[in-house]
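Here's the structure, in structure tokens; my notes come after.
Taken together, the values in this text are just the output of simple stated rules run on the coordinates, not laboratory data. Owing to the predicted nature of the structure, the values given are computational and were not obtained by experimental measurement. Backbone-built Cβ (ideal geometry, glycine too); neighbour counts: all protein chains shown.
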């Protein structure tokens, strides 16, 4: 690919890839510092509801206030970029429209914001790289289709689990293996009752948003990540919520295989996770009965097979995202996108819900997400998490119950809901 060489050429020509970041929380601010350290890239603009965050990040990277323009006006922002200044704005939709930006990274984690930013980016024929996987599992199939038709790139970023697991999937497939399972390590057991309030103290000690930490603790983030893997590869959760056993690294191959061979799966081709000592790693369990491949694996790895472990002991989140940016801008390549609608992450009540109640979003008090096959989700009329936030409870829901479309009326004004309706209509016609 020669990405480093191509970036060096752009640097020498005074034409680095100019990146916009939407959302300057933990992931967005971390990405800004990473891009700032990459020759041939620069952060041109940051959008955040709190402009101070963007100003502070630019200051940390060595840009004083007189080199940063704070504006929500497009003409002022473009004048600033042409003058070599950096831009900070509250308007998330300003960045996808700016001529002085080559690609945008969406890092808010809010499905509605992510949908609107991605939709606007691809309609402006500007690559968009998603650190917002919540949006992707809700309307990513539609956004990817639109981007391809518009001759641009929509992709989930490298560094998060979906990106690195898709890499393992590609590599194993190109070596002739059957992929039996793609999985991740989770560094704690799931606490389905976790909320912003219960996570606050730990979150603040780690510099995190309490709602985001709660979404990790209640399992929603793991479900989201693995649903994106499912939709990209066609692998499925074996059971709703996946199995999630606590096993150690040396037990993965014996566990994440079909029950007929001593494992836990009722089928081949699954997604799952473990709370053993695997985190922050990701893994693929692969299979081959081909004699020469097994001979090579025995020689190289000393493993007998026919099941083998491919293990990457880390994923580096936003630190790896510049690779996706470079591939999108320089090569027009995608890291990971939905190839089909195979899995959904749906809402399960964290507490009793009453008619008329407006429900909160991810990491809130009202629901957590669990992954299931799309076929199951459709049959059960389950509400996808991407359109759950802001919905109105239509009838009482008991703690622990699956929230259905009979129970909850989504917010009809939410942009992500409108895109989801469009995606469902196209799927029904076989147009996606």
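Key figures
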quantity	calculated
Approximate spin-label separation residue 13-residue 339, in nm, with each point projected 7 Å along Cα-to-Cβ	3.3 nm
Cα Rg over Rh - segment 161-314, Kirkwood	1.02
Equivalent ellipsoid dimensions for segment 343-428 as semi-axes, Å, which come from the Cα gyration tensor, largest first	19, 15, 11
Theoretical gain in end-to-end length, residue 188 to residue 375 [0.36 nm per residue, Cα-Cα removed]	64.4 nm
Segment 61-101 residues near the modelled residue 37 label - backbone nitrogen below 14 Å, point 7 Å along Cα→Cβ	61
For peptides 78-85, 208-215, sequence by mean Cβ density within 10 Å, most packed first	208-215, 78-85
Residue 6-residue 75 FRET efficiency (beta carbon distance; Förster radius 51 Å; 0.05 resolution)	0.95
Bins of 10 Å from zero: percent of alpha-carbon pairs in segment 246-375	9, 24, 32, 24, 8, 2, 0
Solution diffusion estimate, µm²/s, Stokes-Einstein, segment 105-158, Kirkwood Rh from C-alpha pairs, 37 °C, viscosity 0.692 mPa s	317 µm²/s
The chain: calculated mean residue ellipticity at 222 nm from DSSP helix runs of at least 4, using -39500 (n - 2.57)	-11000 deg cm²/dmol
Rg/Rh for the chain, where both radii come from Cα atoms and Rh is the Kirkwood radius	0.98
Relative contact order (%) - the chain, alpha-carbon pairs under 8 angstrom, separation at least six	16 percent
Cα-projected label distance for residue 254 with residue 59, points at 7 Å along beta-carbon direction, nm	5.6 nm
